[in-house]
Structure formats: structure tokens, C-alpha cells
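The values are calculated or read from the model by the stated rules, or taken from the named source; none is laboratory data. Predicted model, so just to flag it, every value in this text is computed and none were measured. The protein model used for the area step is the full one, side chains on, heavy atoms only, and it has no ligands, DNA or RNA in it. Shrake-Rupley method; radii C 1.70, N 1.55, O 1.52, S 1.80 Å.
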Amino acid sequence: MFRRREPVPFAFIAEADKFRSNVTPPPRERATASQIAGRTLIGLTVVAGLVGSLLFGMPAMSADQSPAKTQQSEASDGR
């Protein structure tokens, strides 16, 4: 691969700390009440989904309970 042999001057980085702009950015717009309520509802929906998946998933992941009786189909009873 091609390597540069001459040093790269980094004086522009040192000068960047000294530079101050006199232009201020515009202030951020405040969120309206409906935007805050929408964000809150989306957050609650996500949290409720995670909690629900844990509640429904924990019994399926527990391996210490064995089934009480084996399931058999009704078709095998007639044989």
C-alpha cells in the first residue's frame, strides 16, 4: 500500500480551538403537548410489549416443570 513520506501539518487543528463564531444557532423549538403525549404513549407501548413478552415467555422457558400426562390424539385411542 502507498505510504506518505512527508509529514502532514496539523496546524489547522490548533487554530480551530482559537476560532470563535459570532453567529449563534437558532433556538430549538419546544415540543407541543401532543408531541410529548405521543412520545409518552409510544414509550409506554414499547415497555408494555417487552413486559408482556417476558410474562408470556417465562413459562415457556422454564424447564423444571414436567408435563403431568402425555398428550395423545383421539385417533390413536380407537386402534
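Things to note:
- Scanning the stretch 1-42 for residues being of a type in the set (V, I, T), modelled with pLDDT under 90 and either assigned to a loop (DSSP other than H, G, I, E, B) or open to solvent by 100 Å² or more (accessible area, probe 1.4 Å) (or both) gives a total of 3.
- M61 modelled with pLDDT of 65 or more and open to solvent by 100 Å² or more (accessible area, probe 1.4 Å): yes
- Checking every residue in the stretch 46-53 against the condition of being modelled with pLDDT of 90 or more and either in a loop (DSSP other than H, G, I, E, B) or open to solvent by 100 Å² or more (accessible area, probe 1.4 Å) (or both) gives at least one match.
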